[in-house]
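FYI, it's all coordinate maths here, none of it is from the lab. Bear in mind that the values here come from a model prediction, so they are computed numbers and not experimental data. We place every Cβ from the backbone using ideal geometry, glycine too, and count neighbours over all the protein chains shown.
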Amino acid sequence: MTLDIGKVEAILRQHWQIPSDLSRGKLQEYAGRIQVLILQKYSHDNLKYQLGLIQTTKLHQDLNDQACDQIAADLLRLAS
């Protein structure tokens, strides 16, 4: 089963504080990147690492390792 971008975006919103000035298009872009990683069969640890990079470099937030871990687990569970 594949995840659609809307599901990925919803999971990101559930676990991260998405900045109010972030456009919906940008969030969809990040969700699309994550979707590709899942389709490429990234492991939990690799996906978690990539999520951390998005959180720190794209969203300019402090790393929330626990949230990234939970997002990766949720996404991989839904994709299986």
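Side notes on the structure shown:
- Per-region count, the range 25-80, residues of a type in the set (A, V, I, L, M, F, W, C) and free of Cβ contacts under 8 Å to residues at least 12 places away in the same chain: 3
Residues checked against (1) charged (D, E, K, R); (2) surrounded by 17 or more Cβ atoms within 10 Å (Cβ to Cβ); (3) in a helix (DSSP H, G or I):
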{"site": "Pro19", "(1), (2), (3)": "no, no, no"}
{"site": "Lys26", "(1), (2), (3)": "yes, no, yes"}
{"site": "Ala31", "(1), (2), (3)": "no, yes, yes"}
{"site": "Ile34", "(1), (2), (3)": "no, yes, yes"}
{"site": "Leu47", "(1), (2), (3)": "no, yes, yes"}
{"site": "Leu53", "(1), (2), (3)": "no, no, yes"}
{"site": "Thr56", "(1), (2), (3)": "no, no, yes"}
{"site": "Leu75", "(1), (2), (3)": "no, yes, yes"}
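- Matching residues, the range 69-80, being touching a helix residue (DSSP H, G or I) at 6+ places or on another chain (Cβ under 8 Å) and either farther than 14 Å from Ala10 by Cα or among the aliphatic types (A, V, I, L, M) (or both): Asp69, Ile71, Ala72, Ala73, Leu75, Leu76, Leu78, Ala79
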